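Report on the following structure.
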Amino acid sequence: MTKISFILNGDRVETWVKEHEMLLEVLRSNFNLKGTREGCGMGECGACTVLVDGKSINSCLFPILEIDGKIVETIEALNDKGEFHPLQQSFLDHGASQCGFCTPGMIMSAKAFIDDYPATPESATPEEVTEAEIKQALAGNLCRCTGYFQIIEAVKAVLKEQA
Ligand code: FES
Ligand code: FES
């Protein structure tokens with residue numbers, strides 16, 4: 001076992017981990033953060049997406065030892081004051097969450113995209129964000145229920161609000 005320390009949802013934490021573990025297992029087992037879903041476990045569905053140093057990653061494939069000293073954000077960070085994050089509210093308003101299994105990962109990928117904006121090189125203003133850019137940002141997140149249209153509309157609406 002190895003002790004690691006990192007920032008988790010704004011707090012510095014320390015925990016003992018097994019060297020072969022992935023971030024997803026540690027979030028769910030050591031910290032009881034069950035909002036991050038386990039889908040395929042193979043880096044294909046995006047259900048396990050969290051942010052590491054502001055970038056979206058598949059936590060099922062992220063070796064836990066590489067987390068030492070980094071900043072990790074999970075879906076639980078978004079409404080820790082009991083209020084929905086604008087993305088969560090927009091998903092609700094647009095019917096972008098149906099069974100909800102993909103939703104935490106989808107929202108974390110969308111958050112990385114929105115937080116990075118307007119650093120997104122292809123566009124200068126939210127009005128110019130094309131559907132293709134949003135689709136590209138969410139390409140690693142699969143949804144079996146919505147057909148993606150509502151999800152894209154929800155992300156577009158948040159960008160527009162933030163303009
Ligand atoms: S559970 Fe990680 S990508 Fe599917
Ligand atoms: S809402 Fe069911 S998988 Fe996306």
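A short reminder: the numbers here are calculations on the coordinates, not readings from a lab. These numbers were taken from a predicted model, which means no experiment stands behind them. Virtual Cβ from ideal backbone geometry, glycine too; neighbours counted across all protein chains shown.
Okay, here's what the table says:
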item	result
Three-way shape label, the chain, alpha-carbon gyration tensor, a/c 1.5	prolate
The range 1-117 - share of DSSP beta bridges that are antiparallel (%, nearest 5)	90 percent
Over the chain, relative contact order from alpha-carbon pairs under 8 Å, at least 6 apart, %	23 percent
In nm, spacing of pseudo-spin labels at MET1 and LYS81 (7 Å Cα→C-beta vector)	3.7 nm
Full-extension gain in nm, LYS160 to ASP68, via 0.36 nm per residue minus C-alpha separation	29.5 nm
Extension gain from SER29 to ASP93, taking 0.36 nm per residue of separation minus the Cα-Cα distance	19.8 nm
Where GluC sites (Glu not before Pro) in DSSP loops with at most 10 other Cβ within 10 Å are excluded, longest remaining stretch of the chain	20-82
Most fluctuating residue given options SER90, SER59, SER29, as computed from a GNM of the chain linking Cα atoms under 10 Å	SER29
